[in-house]
Amino acid sequence: MGRTLKDKQAMVAEIKETLSQAQLILAIDYQGLTVSEITDLRRRLRPSGTVCKISKNTLMGIAIDGQPNWQPMNELLKGPSAFLLVKEDISGAIKAYQDFQKASKKTELRGGVMEGRLLKEADVKALGDLPSKEQLIAQIAGAINGVATGLAVSINEVPASLGRALKALADKDGDGGSAETDVAA
């Protein structure tokens, strides 16, 4: 028995809700995947804040209708489709999908949409090559830590240099003063 109109409307509303939070949508051909493989894909995508949604193309078309950012997705709506709706870590999600694809060898990436632009497979791969959110945070923290350490060393060096200069001056004055007294005597 098919889905009722009410079920379809609920699915479209759910897709629209997820779309409102997504930064990127990837369309993949999931034909040939078993339920356990789809579950594995969803498990791999979860840490990156990505939802794997299997939907009829017509329902996805209805969900993106009237949303200019997602209109290019119409070109990817053909055949059996699964949609990866990336909310947080774009690079991490793409890497997780690529790892799954290498393991299963059953899916095919059709493309994606980000900020109103249609992305081909090469574009998606380039996004996947970017550092992950965690790596970027670590790089920024390292850079900030390096600057702070350099500043602390520089600040600490000023009084130490001043102290060495004063000691050298005192030593010079001490030696020079005894030499003058020796000459006068």
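The values are calculated or read from the model by the stated rules, or taken from the named source; none is laboratory data. Just so it is clear, the structure is predicted and the values come from calculations on it, not from any experiment. Ideal geometry is used to build each Cβ from the backbone, glycine not excepted, and the neighbour counts take in all protein chains shown.
Selection within segment 1-54: residues that are part of a helix (DSSP H, G or I) and polar (S, T, N, Q). The member of this set that is farthest from Tyr97 (Cα to Cα) is Gln9.
Say whether the condition of being more than 17 Å from Leu19 (Cα to Cα) and touching a Lys or Arg at 6+ places or on another chain (Cβ under 8 Å) is met by at least one residue in segment 83-91. Yes, segment 83-91 contains a residue that is more than 17 Å from Leu19 (Cα to Cα) and touching a Lys or Arg at 6+ places or on another chain (Cβ under 8 Å).
I want to confirm something. Restricting to segment 6-50 and keeping residues that are β-branched (Val, Ile, Thr) and more than 16 Å from Lys106 (Cα to Cα), which single residue is surrounded by the fewest Cβ atoms within 10 Å (Cβ to Cβ)? Within segment 6-50, the match that is surrounded by the fewest Cβ atoms within 10 Å (Cβ to Cβ) is Thr18. Taking segment 55-69 as the range and being assigned to a helix (DSSP H, G or I) and within 13 Å of Ile28 (Cβ to Cβ) as the test, the residues that pass are Asn57, Met60. For segment 61-71, a residue qualifies if it is surrounded by 19 or more Cβ atoms within 10 Å (Cβ to Cβ) and either closer than 16 Å to Arg117 by Cα or within 25 Å of the chain's Cα centre (by Cα) (or both), and the qualifying residues are Ile64, Trp70.
Confirm whether Arg110 is part of a helix (DSSP H, G or I) and in contact (Cβ under 8 Å) with a residue 12 or more places away in the chain. Break it down into steps so the answer makes sense when it comes.
Values: part of a helix (DSSP H, G or I): no; in contact (Cβ under 8 Å) with a residue 12 or more places away in the chain: yes.
In short, no.
Taking the condition of being outside any helix (DSSP H, G or I) and in contact (Cβ under 8 Å) with a residue 40 or more places away in the chain, how many residues in segment 129-153 meet it? Explain how you work it out, then say what you get.
As a first pass, look at segment 129-153 and keep what is outside any helix (DSSP H, G or I): 129-132.
When the remaining residues are screened for being in contact (Cβ under 8 Å) with a residue 40 or more places away in the chain, the result is 130-132.
Number of matching residues: 3.
For segment 130-174, name all the residues that are within 30 Å of Gly112 (Cβ to Cβ), modelled with pLDDT of 80 or more and of a type outside the set (A, V, I, L, M). Once the filter is applied, which keeps residues that are within 30 Å of Gly112 (Cβ to Cβ), modelled with pLDDT of 80 or more and of a type outside the set (A, V, I, L, M), segment 130-174 yields only Gln139. Checking segment 38-45 against the condition returns a match, with at least one residue being of a type in the set (Val, Ile, Thr), touching a residue at least 40 places away in the same chain (Cβ under 8 Å) and out of contact with any helix residue (DSSP H, G or I) (no Cβ under 9 Å at 6 or more places or on another chain). Look through segment 115-152, keep the residues that are among the β-branched types (Val, Ile, Thr) and within 19 Å of the chain's Cα centre (by Cα), and return whichever of them is nearest to Lys95 (Cα to Cα). Filtering segment 115-152 for residues that are among the β-branched types (Val, Ile, Thr) and within 19 Å of the chain's Cα centre (by Cα), the one nearest to Lys95 (Cα to Cα) comes out as Val124.
Among residues belonging to segment 72-84 that are touching a Ser or Thr at 6+ places or on another chain (Cβ under 8 Å) and closer than 18 Å to Glu115 by Cβ, point out the one that is surrounded by the most Cβ atoms within 10 Å (Cβ to Cβ). Only one residue fits best here, namely Phe83. When you scan segment 101-119, do you find a residue that is within 22 Å of Asp7 (Cβ to Cβ) and out of contact with any Phe, Trp or Tyr (no Cβ under 9 Å at 6 or more places or on another chain), even just one? So far as segment 101-119 goes, no, none of its residues is within 22 Å of Asp7 (Cβ to Cβ) and out of contact with any Phe, Trp or Tyr (no Cβ under 9 Å at 6 or more places or on another chain). Regarding Ser104, is this residue at pLDDT below 90, under 30 Å from Thr39 (Cα atoms) and surrounded by 10 or more Cβ atoms within 10 Å (Cβ to Cβ)? So Ser104 fits the description; yes. Checked against (1) surrounded by fewer than 10 Cβ atoms within 10 Å (Cβ to Cβ); (2) in the same structural domain as Leu26 (by TED's automatic domain parsing); (3) on the phi < 0 side of the Ramachandran plot, Arg117 meets all criteria but (1).
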